[in-house]
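Notes for the one structure printed next.
The values are calculated or read from the model by the stated rules, or taken from the named source; none is laboratory data. Not measured: the values here are computed from a predicted model. Here the Cβ positions follow ideal geometry from the backbone for every residue, glycine too, while neighbour counts run over all protein chains shown. Please note that ligands, DNA and RNA were not included when accessible areas were found on the heavy atoms of the full protein model with its side chains. Shrake-Rupley method; radii C 1.70, N 1.55, O 1.52, S 1.80 Å.
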Amino acid sequence: MKILELLDRPDRWTKGANARNASGGRVDIHSDEAVRWCLDGGTVKCGVSNLATETKLKQACLSLYGTVYYGYWQDQPETTWEQVRALLVLADV
């Protein structure tokens, strides 16, 4: 599964934690209770946590937002799901 498929709606994305349950509490990425993931959590959940995926995400983030630190960037208060989606589309992950 691509990360874009996992984070296909705003209510499936989070920031500040790798994964959250329906109540907003932090849970393990692979927990049955997990319903929202951040970029890093989504990468692990989808089984694509590798150098190739990381490189694609870094290149796309640099191109769109001027930084390679996509995990830090996505946790910023001003970052939106639409921006995260654009990053995933460009990275094709």
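Taking region 18-31 only, how many residues are closer than 19 Å to residue 73 by Cα and part of a strand (DSSP E or B)? Final tally of qualifying residues: 2.
Only residues that are open to solvent by less than 70 Å² (accessible area, probe 1.4 Å), under 15 Å from residue 3 (Cα atoms) and either acidic (Asp, Glu) or without any contact (Cβ under 8 Å) to a residue 40 or more places away in the chain (or both) were counted in region 66-86, giving 4. Among the basic types (Lys, Arg), part of a loop (DSSP other than H, G, I, E, B), at pLDDT 95 or above and open to solvent by 20 Å² or more (accessible area, probe 1.4 Å): is that true of residue 15 in this structure? Yes, satisfied. For region 32-65, the set of residues classified as open to solvent by 30 Å² or more (accessible area, probe 1.4 Å), outside any helix (DSSP H, G or I) and either in contact with a helix residue (DSSP H, G or I) (Cβ under 9 Å, 6 or more places away or on another chain) or on the phi < 0 side of the Ramachandran plot (or both) consists of 32, 33, 35, 36, 48, 49, 50, listed by residue number. Can you pull out every residue in region 66-90 that is assigned to a helix (DSSP H, G or I) and over 17 Å from residue 13 (Cα atoms)? Passing the criteria: only 90.
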